[in-house]
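Heads up, the thing below is written out as structure tokens.
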Amino acid sequence: MRGLMAAALLVALVSAGEETKLGSGVTLEPATAIPTIVAAPQDFVGKTVRIDGVATAVCEHMGCWMAVAASDKPDAPTVRLKVEDGVIVFPVSAKGKRVSAQGVFEPVSSDADGKEAAGEHSKQDTKASTQYHIKATGAVIR
């Protein structure tokens, strides 16, 4: 019995070790569905939101952005997380993993940033005149 309890504890510790907290982590409950945000982005501007999804792309140079989709399906709605360079670094190894993140939803500040955001991953709607992202304050990668 004691061996079984020790094995269960070990499994729990290993599982807990697979979670990576970045920045302030995630404290908001509940999450806002990514399709809801994508359908009406103007409704969320300036609001702090939490999203849950799958990382589909990560900045390979500085780890300053991550694309998070509602699911791992190729056509799943996607939002972009952006952080100040060096404040939080999204690891490239997050791609394909489950992600929870929170931050303030905002329009991308300049045309140059908007074009970069649109080109970062193929799921981004490049025809939209305004691009949006979540200025992330924290995330958890599982």
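The values are calculated or read from the model by the stated rules, or taken from the named source; none is laboratory data. The structure presented is a predicted model; accordingly, all values stated were derived computationally and were not measured. All Cβ positions, even for glycine, are placed from backbone atoms using ideal geometry, and neighbour counts span all protein chains on display. These accessible areas exclude ligands, DNA and RNA; they are computed on the full protein's heavy atoms, side chains included. Shrake-Rupley method; radii C 1.70, N 1.55, O 1.52, S 1.80 Å.
Below, the figures for the structure above:
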item: Given (1) closer than 19 Å to residue 142 by Cβ; (2) open to solvent by 80 Å² or more (accessible area, probe 1.4 Å); (3) without any contact (Cβ under 8 Å) to a residue 24 or more places away in the chain, number of the condition residue 32 does not satisfy; result: (2)
item: Enumeration of residues in segment 98-115 that are loosely packed, with under 14 Cβ neighbours inside 10 Å and modelled with pLDDT of 55 or more; result: 109, 110
item: Residues that are at pLDDT below 95 and open to solvent by less than 70 Å² (accessible area, probe 1.4 Å), drawn from segment 1-23; result: 3, 6, 7, 8, 12, 15, 16, 17
item: Qualifying position, being at pLDDT 95 or above and either out of contact with any helix residue (DSSP H, G or I) (no Cβ under 8 Å at 6 or more places or on another chain) or more than 14 Å from residue 142 (Cβ to Cβ) (or both), among 74, 41; result: 41
item: Residue tally, condition part of a helix (DSSP H, G or I) and in contact with a Gly (Cβ under 8 Å, 6 or more places away or on another chain), over segment 28-67; result: 1
